[in-house]
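Undergrad: Following this message is one structure expressed as structure tokens.
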Amino acid sequence: MREEFSYGTVVYSKFNNEYKYLLLKREEGWLDFPKGHIEKGEDGVKAALRETCEESGVCLQPGNLVPGFYYNIDYFFTYKGTKILKHVGMYLSEISPDTTVKVSNEHRGYVWLNYQEAMEALRFGNQKGLLEYTSTYIEKLDRMRVLNKEYGKIYRGRKWDLSTVFVPGEGNLNAAIFIVGQAPGRNEDIMKKPFVGRSGKLLESLITDELHMDRESLYITSVVQFFPPENRAPSDEEIALCLPYLMKQIEIVNPAIIVLLGAVAARTLAQVKSIMKEHGKLFMDKYYVTLHPAAALRNPANIEIMRSDFRALEKIVNGRE
């Protein structure tokens, strides 16, 4: 059996307040998304961007791809007596409705179709599965953007001791695992991105080494999404003000498991009073408690505790415990 790898992009745009998807008319007579085989020296993103540009004339940069979105399709087919396992990785990008589309010689043309039209026109079940996943993702993306815009302005007109820089959560909006820290630190405040300092590097190593997942496949945020001066813990009043927004974020993503990093997150969401006594446990069937990476960095012995907790979490995620 041989394996082949292809990558592409689901391209969408808003026409008169309605989302439509770019579909290419193949020579064989059916519709498809822009995609094609990976070439030597490319990663998935480079292959997807090149193929999208070559096939549709829509030339994107990595920054044009929707963060956190990735959809994989696997299927078998036989060619000249050889069974082939095909892997297709798809990214997502929104473009302006006035973007010029110019298809390659491999295609007869293109169409812009809304969700219902595309579901009726697409030929294969895996294409429809991709479109269904994408439509759900875009809906969540719109809801999260509206929520974050509102959340980012809550300091206005208030007595405020936190930074006025809002640090949005990031990751896959269809994530099964939702990670909650305490609050952004100074590096996060500067970069407007959660867990980017030393704590972020440790967290990323736990995700890759112990969960065997990519950071981008999870959703990561904090109880309070504004930097407290001098890295102090957020006050009860600050937590109470920000908590409704966190709960709405959780509602949008709808994860299977919420990982609580440290005392503030554990106390706020799971009413856990002692991290050292309760770490590595699942509460209310969805809240998993462990230490905060910053605490582990202050005491290297705690790093192994976190690694053990994440290994146990990996077993829970995969249904082995």
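Undergrad: Using the crude model of +1 on Lys and Arg Cβ and -1 on Asp and Glu Cβ, and no other charge, please compute the dipole size for the chain relative to its Cα centre, in debye to 20.
TA: Dipole of the chain, to the nearest 20 debye: 480 debye.
Undergrad: Moving on to the next point. When N is the residue count of the range 4-109, what does its C-alpha Rg come to as a fraction of 2.2 N^0.38 Å?
TA: Scaled against compact globular proteins, the figure is 1.10.
Undergrad: Considering only protein heavy atoms and a probe of 1.4 Å, how much of the accessible area of the range 169-321 is carbon and sulfur, as a whole percent?
TA: Ligands and nucleic acids excluded, carbon and sulfur give 50 percent.
Undergrad: Starting from a Cα-only point model with no solvent, please compute log10 I(q)/I(0) by Debye for the range 219-268 at q = 0.16, 0.23, 0.24, 0.26 1/Å.
TA: Results for the range 219-268 at q = 0.16, 0.23, 0.24, 0.26 Å⁻¹ read -0.46, -0.92, -1.00, -1.14.
Undergrad: Percent of alpha carbon pairs in the range 94-137 separated by more than 14 Å?
TA: Summing the P(r) tail past 14 Å for the range 94-137 gives 61 percent.
Undergrad: To continue, here is another question. Output the relative contact order of the chain, whole-number percent, from Cα pairs under 8 angstrom with separation of 6+ residues.
TA: The value is 15 percent.
Undergrad: Could you tell me how many degrees, from 0 to 90 and to the nearest 10, lie between the Cα long axis of helix 301-317 and the main elongation axis, the longest principal axis, of the Cα atoms of the chain?
TA: Approximately 50 degrees, to the nearest ten.
Undergrad: Counting C-alpha atoms alone, how compact is the range 238-321: give Rg to one decimal and Dmax as a whole number, in angstrom.
TA: Every Cα atom of the range 238-321 included, Rg and Dmax give 13.2, 38 Å.
Undergrad: I'd like to check one number: the per residue accessible area of the range 218-321, probe 1.4 Å, reported in Å² as a whole number.
TA: Result: 46 Å² of accessible area for each residue.
Undergrad: Okay, next question. What are the extents of the Cα atoms of the range 137-231 along their three principal axes, in Å, largest first?
TA: 44, 35, 18
Undergrad: Further question on the same structure: At q = 0.22 Å⁻¹, what is the base-10 log of I(q)/I(0) for the range 272-321 according to the Debye formula with one equal point scatterer per Cα and no solvent? Please give it to two decimals.
TA: At q = 0.22 Å⁻¹ the computed log10 ratios are -0.79.
Undergrad: Choose one of PRO244, ILE258, MET276: the residue whose Cα lies farthest towards the positive end of the charge dipole of the range 202-321 (beta-carbon charges +1 Lys, Arg; -1 Asp, Glu; about the Cα centre).
TA: It is MET276.
Undergrad: A follow-up question, please. In terms of the ratio Rg/(2.2 N^0.38 Å) built on C-alpha atoms, what value belongs to the range 53-115?
TA: Computed over Cα atoms of the range 53-115, the ratio equals 1.43.
Undergrad: Where Rh is the Kirkwood radius over the Cα pairs of the range 42-183, the temperature 37 °C and the viscosity 0.692 mPa s, what D in µm²/s does Stokes-Einstein return?
TA: Estimated via Stokes-Einstein, D reaches 177 µm²/s.
Undergrad: Over the chain, consider all pairs of different Cα atoms and compute the Kirkwood hydrodynamic radius from their mean reciprocal separation; express it in Å, one decimal.
TA: Here the Kirkwood hydrodynamic radius works out to 21.6 Å.
Undergrad: Right, here's the next one. Using θ = phi - 60° and the Karplus relation 6.51 cos²θ - 1.76 cosθ + 1.60, list the HN-Hα couplings for the range 80-95 in order, rounded to whole Hz, with x at every Gly or Pro.
TA: Each residue's phi maps through the Karplus curve to give 6, x, 9, 7, 10, 9, 9, 10, 10, x, 10, 10, 9, 8, 9, 10 Hz.
Undergrad: If you don't mind, another one. Check each of the GluC sites (Glu not before Pro) in the range 1-48 and keep only those in coil by DSSP with at most 11 other C-beta atoms within 10 angstrom; list them in order.
TA: Those satisfying the criteria are GLU27, GLU28, GLU39.
Undergrad: Please go through the range 276-313 and write out the trypsin sites (Lys or Arg not before Pro) that DSSP classes as loop and that have at most 15 other C-beta atoms within 10 Å.
TA: Those satisfying the criteria are LYS286.
Undergrad: Could you tell me how many degrees, from 0 to 90 and to the nearest 10, lie between the Cα long axis of helix 44-56 and the main elongation axis, the longest principal axis, of the Cα atoms of the chain?
TA: 40 degrees
Undergrad: While we're on this one: Report, in degrees rounded to the nearest 10, the 0 to 90 angle that the Cα long axis of helix 236-253 makes with the longest principal axis of the chain.
TA: 20 degrees
Undergrad: Of all beta bridges DSSP finds with both residues in the chain, what is the antiparallel percent, to the nearest 5?
TA: 55 percent
Undergrad: Can you give the convex hull volume of the alpha carbon atoms of the range 166-321 per residue, in Å³?
TA: 103 Å³
Undergrad: Here's something else I'd like to know. For the range 126-226, state which trypsin sites (Lys or Arg not before Pro) are in a DSSP loop and have at most 10 other beta carbons lying within 10 Å of their beta carbon.
TA: Here the trypsin sites (Lys or Arg not before Pro) that fit, given the DSSP loop and packing criteria, are ARG156, ARG158, LYS159.
Undergrad: Now, a different point. Would you mind estimating how fast the range 15-63 diffuses translationally, via Stokes-Einstein at 20 °C and 1.002 mPa s with the Kirkwood radius over Cα pairs, in µm²/s?
TA: It diffuses with D of about 176 µm²/s by this estimate.
The values are calculated or read from the model by the stated rules, or taken from the named source; none is laboratory data. In this text the structure is predicted, and so the values were computed from the model without any measurement. Counting neighbours? That spans all protein chains shown, and the Cβs are built from the backbone with ideal geometry, glycine included. Keep in mind that these areas ignore ligands, DNA and RNA; they rest on the heavy atoms of the full protein, side chains included. Shrake-Rupley method; radii C 1.70, N 1.55, O 1.52, S 1.80 Å.
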